[in-house]
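Engineer: Sharing a structure below in structure tokens format, with a few things to ask.
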Amino acid sequence: MSLYSTGTRVLASAAWAFCAFFALNLLLTGTAASVWHFLPSLALAAWAVFLLLWRPRQMVGADGHTEVNILRSHRIPFGALQAVRVAQSVSLDTTAKRIPSWGAPGAGRLGPRLGGRPGGSNRLPATAHTQAAIEAAWNAWERAEKDGAAKDRAAKDRAAGVASAGDAAQTVATCWDVGNGVVSLVLLAAVAVSVAG
């Protein structure tokens, strides 16, 4: 399941519509020199919108969570996740460090929404959609781990002295997205050449 902010997706779509309009207008009415001068800048603007507004998201799976930020991705197994903090933005406390989310929907402008009956006096903060989705998958993983723990304990007793590979699978893995970095550098170089020429 992918979690992302709907507002940023709408804003990205609107920005791409403007970029497409200006690019089409430039191609239809501009000279070759003006096309060369402005089109790389429009392409860079559209790419920046993708990186900043469209790409960031959270992907929740059965065994863990992947935090996709602008140029990096963090693979967080549920065994390494300690807390999910949802306020104006979302951050994940892991055994390695706190990882901020660039694209997950937060609690809104004014903080957590209040749940319960509108007229009731016992209105408690409602769980944000992001937190509820992650916690549901996390709880399902914990139940599966508890069920499998009893079976694994008997197998480990038989193979005493053999190191477990499960601990290595519960570490946070961070990787840079080299492809997006290369595209960004190529577009920046094209803009620099078009402006200088």
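Engineer: Kindly provide the set of residues from segment 127-186 that are under 26 Å from the mean Cα position of the chain (by Cα), open to solvent by 90 Å² or more (accessible area, probe 1.4 Å) and at pLDDT below 70, ordered by number.
Structural biologist: His129, Asp167, listed by residue number.
Engineer: From the list Leu92, Leu81, which residue is without any contact (Cβ under 8 Å) to a residue 60 or more places away in the chain, more than 30 Å from Phe21 (Cα to Cα), in contact with an Asp or Glu (Cβ under 7 Å, 6 or more places away or on another chain) and not acidic (Asp, Glu)?
Structural biologist: Matching residue, one of Leu92, Leu81: Leu92.
Engineer: While we're here: Of all residues in segment 6-27 being surrounded by 16 or more Cβ atoms within 10 Å (Cβ to Cβ), touching a residue at least 24 places away in the same chain (Cβ under 8 Å) and in contact with a Phe, Trp or Tyr (Cβ under 9 Å, 6 or more places away or on another chain), which is nearest to Ser89 (Cα to Cα)?
Structural biologist: Thr8
Engineer: Then there is this: Of the residues that make up segment 36-58, is at least one of a type in the set (D, E, K, R) and crowded, with 18+ Cβ neighbours inside 10 Å?
Structural biologist: yes
Engineer: Let me ask another. How many residues are under 22 Å from Asp177 (Cα atoms), open to solvent by 10 Å² or more (accessible area, probe 1.4 Å) and of a type in the set (A, V, I, L, M, F, W, C) if we restrict to segment 82-104?
Structural biologist: 3
Engineer: What single numbered condition from (1) open to solvent by 60 Å² or more (accessible area, probe 1.4 Å); (2) at pLDDT 90 or above fails to hold for Ala62?
Structural biologist: (2)
Engineer: Considering only residues that are hydroxyl-bearing (Ser, Thr, Tyr) and in contact (Cβ under 8 Å) with a residue 12 or more places away in the chain, which ones fall in segment 40-78?
Structural biologist: Scanning segment 40-78 gives Ser41, Ser73.
Engineer: Modelled with pLDDT of 85 or more, assigned to a loop (DSSP other than H, G, I, E, B) and either in contact with a Ser or Thr (Cβ under 7 Å, 6 or more places away or on another chain) or over 24 Å from Trp141 (Cβ atoms) (or both): which single residue out of Ile70, Ile99, Ile76 fits that description?
Structural biologist: Ile70
Engineer: Mind checking whether some residue in segment 29-39 is under 30 Å from Gly197 (Cβ atoms), free of Cβ contacts under 8 Å to residues at least 24 places away in the same chain, of a type in the set (Ser, Thr, Tyr) and not in a helix (DSSP H, G or I)?
Structural biologist: Yes, some residue in segment 29-39 is under 30 Å from Gly197 (Cβ atoms), free of Cβ contacts under 8 Å to residues at least 24 places away in the same chain, of a type in the set (Ser, Thr, Tyr) and not in a helix (DSSP H, G or I).
The values are calculated or read from the model by the stated rules, or taken from the named source; none is laboratory data. For clarity, every value in this text was computed on a predicted model and none was experimentally measured. As a convention, Cβ positions derive from the backbone with ideal geometry for all residues, glycine included, and neighbour counts pool all protein chains shown. Each accessible area value is taken on the protein alone, full model and side chains, heavy atoms only, with ligands, DNA and RNA left out. Shrake-Rupley method; radii C 1.70, N 1.55, O 1.52, S 1.80 Å.
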